[in-house]
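A short worksheet on the structure shown next.
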Amino acid sequence: MFKVGVTGSNGFIGWHLCRTLELDNDKFQLIEFKRDWFNEDINLDSFVLKCDIIVHLAGLNRHSEESIIYNTNVGLAERLIESFKRIGFRGQVIFSSSIQEERNNTFGNSKKVARELFANWAKESGATFHGVVIPNVFGAFGVPFYNSVVSTFCHQLVNCESPKIETDATLNLIYINDLLKKTIDLFNTETNVNVTIGHTDTYKVSEILELLINFKNKYFENGQIPSFNNQFEINLFNTFRSYFNLNTHFPIKYKKNIDERGNFVEIIRLETGGQISFSTTKKGITRGNHFHTRKIERFSVIKGKALIQLRKIGSTEVYDFYLSGVEPAYVDMPIWYTHNIKNIGDEELYTMFWINEFYDANDPDTYFEKV
């Protein structure tokens, strides 16, 4: 088992890395880190002592004063190296740098200097170091106006704002899940090398915005699952969904078509495939208590009364949605939210489930955790 410490664990990449490592707790033990420890030698040294591998992600991307960006990023590297020297750390260090190194700006220069500091320390101490240069990263829960233009556009669209394109640049992109896989593959690699992680997709800013506007028009406003031409579009769709305000967006009531024969309800309009299932649930029984990292899923209550609960992994906030077959409605499950459904009525609960891919026992993307 590898004992892994992650600085910047509350940041965009750090959050995803920590949650991903927790999925494989037979192989990885995540060592707690707090940002304040950079200024507390005892706590910082204690953290370093517990680690076999340290992934250094903490840093500053943007600030009105450029000198603060530089001093912060270089200073954090210096404090870690001082700790390494105090305790004689000989483990592995992985440092996240950026393609901005090539552009001779303050952020890029600070990352380059920090990477060189770690490389020199590793050479002198005999430790293992990987300086990882990464392209533009996108994925769920990125901070708008900070992490990427994708995050900004998603935030603006779900808040009914109008995104503006300042420069229609061509972006080399990598999805967060793909970046993490490449990063984890470096664990326990002994050769000291700098690694440039290649992008997986290339799109113009205008092309990304066009896709997101399509998602807004079809899914956000009308509940329709759009067609996807490739994995990038699925990844972008899941990123877009992560910016919804769940409390105000769900549950969404279905349109009822009632005549002398009874009631007809349209469950879902699909431009993509997947699997549709039906369940009955006895009084007081709860189903689910699991989450997905890539799947798109819809729960539709047709008959009876249900409580659907969601909780973002790593959070304590629980979202409660009460649905009834009297007014059929649905709730969609965002990625990285554990969810369940409970029959809270006096009769059997009838539920329809749609998910965008067939169940594969060898790759289920289903992780059990109670809400």
Quantify how much of the Cα-Cα distance distribution of the chain extends past 33 Å, in percent. 38 percent
Relative contact order, percent, the chain [alpha-carbon distance under 8 Å, six or more residues apart]: 12 percent
When the chain is treated as a GNM, springs tying every alpha-carbon pair under 10 Å, which of 37, 336, 15 comes out with the largest mean-square fluctuation? 37
What 222 nm value per residue comes from the helices of the chain, counting each DSSP H run with n ≥ 4 as -39,500 (n - 2.57) and dividing by all residues, nearest 500 deg cm²/dmol? -9000 deg cm²/dmol
Mind checking which of 87, 174, 355 has the largest fluctuation in a GNM of the chain, springs on alpha carbons under 10 Å? 87
Normalised contact order of the stretch 246-368, rounded percent, pairs of Cα under 8 Å and 6 or more residues apart: 38 percent
For the stretch 214-305, run through the GluC sites (Glu not before Pro) and keep only the ones in DSSP coil with at most 11 other Cβ atoms within 10 Å of their Cβ. 221, 260, 266, 271
At 37 °C in a medium of viscosity 0.692 mPa s, the stretch 246-368 has a Stokes-Einstein diffusion coefficient, with Rh taken as the Kirkwood radius over alpha carbon pairs, in µm² per second, of 218 µm²/s
Orientation-averaged projected area, Cα convex hull of the stretch 1-40 (nm²): 2.7 nm²
Over every pair of different alpha-carbon atoms in the stretch 2-134, take the mean of 1/r and invert it; report that Kirkwood radius in Å. 15.0 Å
Which entries in 218/253; 164/295; 253/305; 3/182; 282/312 show an alpha-carbon gap greater than 21 Å? 164/295; 282/312
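Since every read-out is calculated from the coordinates, none of them should be taken as a lab result. All of these numbers come straight from a predicted model, not from anything done at the bench. Don't worry about glycine lacking a Cβ; one is built from the backbone with ideal geometry, like all the others, and counts go over all protein chains shown.
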